[in-house]
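The values are calculated or read from the model by the stated rules, or taken from the named source; none is laboratory data. Just so it is clear, the structure is predicted and the values come from calculations on it, not from any experiment. Here the Cβ positions follow ideal geometry from the backbone for every residue, glycine too, while neighbour counts run over all protein chains shown. These area figures cover heavy atoms from the full protein model, side chains too; ligands, DNA and RNA do not enter into them. Shrake-Rupley method; radii C 1.70, N 1.55, O 1.52, S 1.80 Å.
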Amino acid sequence: MTGKIVFNKKLSDKYYYMKIESPEFVKNAKPGQFFMLKTQSFDYLVDPLLRRPFGVCDIEEDCFTILYTLVGKGTYLLSNLQTSTEISFSNPLGNGFSIVKNKNVALVGGGVGIAPLLYLSKALKDNNNSITLYYGGKSIGDIHLLEYFENTCDYIKISTEDGSLGEKALITDIITNFDYDIVYTCGPKPMMKNVVSVFQDKVENIEVSLDERMACGLGACLGCIIYVKEGDNIVQKRCCVEGPVFDGNKVVWEL
Ligand SMILES: Cc1cc2nc3c(=O)[nH]c(=O)nc-3n(C[C@H](O)[C@H](O)[C@H](O)COP(=O)(O)OP(=O)(O)OC[C@H]3O[C@@H](n4cnc5c(N)ncnc54)[C@H](O)[C@@H]3O)c2cc1C
Ligand code: FES
């Protein structure tokens, strides 16, 4: 599938926000799904060979967006792509979040993990849920897209580790209300592990979106295996096909 870059904006030191026009992709993409993206537009560039996974951040009419951070070569090449460039990506992949109705929900996002929570918050708002967003980062430069979340969330609570925005704390330390039916989280693994321990036994469902390194995105290479509890057993799951969204209470964070 291909699409055309509408903009590729630098938001802060390491964060970029890209909008891509692709009516075909937008038709099928659900909150929490991801896609494999070719990070360079020139076909003669073979390095990096593999496509990189990114979450659907938002959808507006015929366009979708990605919020991304600079990590290595792929994201650096991505950050250099200009408006109107044609880029190539897969269909929407993975299972996505469940969309509940008439519930009290919490979204907990850390750093770039906030990305898939935006499109999710739109779908949850359309289904009459009350939404509280908890958004944490190391510093103010990690906090983005608040103006979009203000349209969908009923309450927004922010923390940064250096106190440059919101409370000076880890995001899991400022959660004092546990009166939610379902919690959705995406961010660094230690944060998601803490979110699960904070809400364990207090809410029925905790959905975590895992970020494993992926090579094929299609279930063939087994490069993205994670471990989950199934009854008394611990079993392997492919993050790209059976995930990336899993029941937080069942994820085995360390073997
Ligand atoms: C389902 C899914 C959705 C994602 N959504 C987003 C998104 O919306 N926005 C975003 O910015 N990123 C997202 N990511 C992460 C993104 O895929 C990686 O940041 C990207 O592949 C890095 O590519 P690169 O070529 O820049 O870095 P590379 O050259 O591949 O890596 C540079 C260094 O970073 C380490 N590294 C790279 N990727 C990861 C990772 N996933 N976990 C731990 N270490 C890693 C490598 O070991 C290496 O040392 C997502 C990942 C998954 C699996
Ligand atoms: S990335 Fe290949 S099996 Fe998941």
What FRET efficiency, computed as 1/(1 + (r/R0)^6) with R0 = 25 Å and r the Cβ-Cβ distance, is obtained for Lys138 and Gln200, rounded to the nearest 0.05?
0.50
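Taking 0.36 nm per residue of sequence separation and subtracting the Cα-Cα distance, how much length would be gained by fully extending the chain between Asn249 and Tyr76, in nm to one decimal?
Roughly 58.8 nm would be gained on extension.
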Taking the Cα of Glu24, stepping 7 Å toward and past its beta carbon, and measuring to each backbone N in region 87-117: which are under 17 Å?
87-93
Which order do Arg51, Arg213 take by accessible area at a 1.4 Å probe, largest first?
Arg213, Arg51
Using only Cα atoms and rounding to the nearest 10 degrees, what angle (0 to 90) does helix 115-126 make with the longest principal axis of the chain?
60
Region 99-123 and region 127-192: distance between their alpha carbon centers, rounded to Å
10
To the nearest 500 deg cm²/dmol, what mean residue ellipticity at 222 nm is calculated for the chain from DSSP H runs of n ≥ 4 alone, each contributing -39,500 (n - 2.57), summed and divided by the residues?
-4500 deg cm²/dmol
May I ask for the angle, rounded to the nearest 10°, between helix 189-199 and the longest principal axis of the chain, with both axes built from Cα atoms and the value confined to 0 to 90°?
30
Tally up the carbon and sulfur contribution to the accessible surface of the chain as a whole percent, 1.4 Å probe, everything protein left in place.
47
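Efficiency by 1/(1 + (r/R0)^6): what FRET value for Leu45 and Ser98, r their Cβ-Cβ distance, R0 = 35 Å, to the nearest 0.05?
0.35
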Which GluC sites (Glu not before Pro) does region 153-255 hold that lie in a coil by DSSP with at most 13 other beta carbons within 10 Å?
Glu204, Glu254
What Cys residues in the chain are without a partner cysteine, judged by a Cβ distance under 4.7 Å?
Cys57, Cys63, Cys153, Cys186, Cys240
Using 26 Å as the Cα-Cα cut-off, could you pick out the over-long pairs in Lys4/Lys73; Lys202/Lys229; Lys14/Lys250; Lys38/Lys193?
Lys14/Lys250; Lys38/Lys193
Take the Cβ-Cβ distance between Arg213 and Ser84 as r, set R0 to 22 Å, and report the resulting FRET efficiency rounded to the nearest 0.05.
0.10
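Leaving out ligands and nucleic acids, note down the accessible area per residue over the chain with a 1.4 angstrom probe, in whole Å². Please list the in-between numbers first.
Details: 12310 Å² over 255 residues.
Roughly 48 Å² per residue, with all protein chains present.
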